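Beneath this line is the structure, given in structure tokens, with notes to follow.
The values are calculated or read from the model by the stated rules, or taken from the named source; none is laboratory data. The structure displayed is predicted, hence computed values, not measured ones. Please note: Cβ atoms are built from the backbone with ideal geometry, for glycine as well, and neighbour counts cover all protein chains shown. Side chains included, ligands, DNA and RNA excluded: accessible areas come from the protein's heavy atoms. Shrake-Rupley method; radii C 1.70, N 1.55, O 1.52, S 1.80 Å.
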Amino acid sequence: MSISASQYKLDVPDTIENGYFVFTIMPTLQCPYNCKHCYLSLEQRRDPTTMSIELMREACRKIDVYWDEVQPPHRVIMVYNYGGEPTSTGPEYFESYVQMMAEEFPAHKGYEVKHVMLTSLLGVDLDIWAPIWKRHTDGYIQTSYDGSMRSKSYVRKWEAKVADAISRGLRVATISVVNADLLEQGAERTLDLLHDLGICETGWLPFMLNDQNSVAGKYDRYAPTMTAFNDYMIAMLDHWFSLKHRGHTPPSIGEAHFAVDRSKRSAMSNMCGQTLFLLPNGDFVLPNYKDGYKEYMHKFGNILEADTSFHDILVSAERRRYMLRQVTRNRNPECQRCDYKNACLLEFAKPNKADDECFGAKRFIAHAIHKNSLDPMLDGPVTLY
């Protein structure tokens, strides 16, 4: 999961236990595309299995019961509809779960519920979806942009969809996995392209190893080193500052805002303690890493089991083991003594590559914080989208 600048503000809690939950729902894993960085297998991406609204309601009720018990000072839920391609479930499904969550997380109990969707946009009928997003996501959506890695034809179709969406009054943010094709395109040109399209926010992730791209040399072909990632992000941020000083309004760079924001918080603010992914079968999971830094989904328990509460998920042995790995920064010595560990991009702790810079992108983070100290354009107000 990447970082959108507008997902962060200083006056909200930052763990599920104290009332802030990035509820990343994956009601289906179905997707017609074969993106090289995707952590889902071909079998998963072709499986139409979808969690029913009533089963999702059961999960929501257990979350509500938990918060009734602990009485946190806030009840903020950011419902992040991930996938798979989430529009594949259809507009009726989307509107049904939005209504269901309004019933299970009512405002009179102090709930603040926000919805956002990450969609490819390709194949999406905007005559249908644009009005729905305006009603339920405040007209804000996220979409993937990875340069020509998916093919130049894909990019042309995607650009046309983005232009159409923005012409209808939607605010479009991008999430990008930095890959060899984006490096070749260049950071400045990439930001200019997104600026010209009218993108409002951007988020950037390193290209991770997984079971799908570890075959046929795909990872080695597309994955930049972290040194190259840092160079790319620093060049982009410097160009962003330059554009701002010339009177332009380039899209925000979420990781830069994140670094500045998290540098002002405690160590626990960068522990992914606010996030869980819900899979179609009811498993709560988060990305984890095995055999070095190969990504997979780590299971904490199944919320649909009759005798399993949300509290059980949060205090499960697997989640406690996972959070210990986060707190100790995976026992990476360079991470434990790092001055920027509270603000680094190492959202899910993993071993660092040998003979490369850290996955936390320390050099970029340090650059963003220092640059903002001299020219504070990354400070608030940053609101929850």
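Here the calculated FRET efficiency for residue 354 and residue 46, from their Cβ-Cβ distance with R0 = 41 Å, stands at 0.70, rounded to the nearest 0.05. Remark: accessible surface ordering of 85, 184, 92, 357 (largest first) is 184, 92, 357, 85, probe radius 1.4 Å.
Given R0 = 35 Å, the distance between the Cβ atoms of residue 109 and residue 297 translates into a calculated FRET efficiency of 0.65.
Can you pick out the pairs among 157/290; 218/264; 218/362; 114/299; 109/161 whose Cα atoms lie more than 28 Å from each other?
157/290; 218/264; 109/161
Can you give me the Cα centroid spacing of segment 134-191 and segment 53-96 in angstrom? So the separation of the two Cα centres works out to 26 Å.
Accessible surface comparison of 120, 242, probe 1.4 Å, protein chains only, largest first: the order is 242, 120. Among beta bridges identified by DSSP and lying wholly in segment 174-330, the antiparallel ones come to about 55 percent. Given a 1.4 Å probe and the protein chains as shown, residue 367 ends up with an accessible area of around 50 Å². For the chain, the antiparallel share of DSSP beta bridges with both residues in that region comes to about 25%.
Full extension of the chain between residue 17 and residue 159 gives 47.1 nm of extra length, using 0.36 nm per residue less the Cα-Cα distance.
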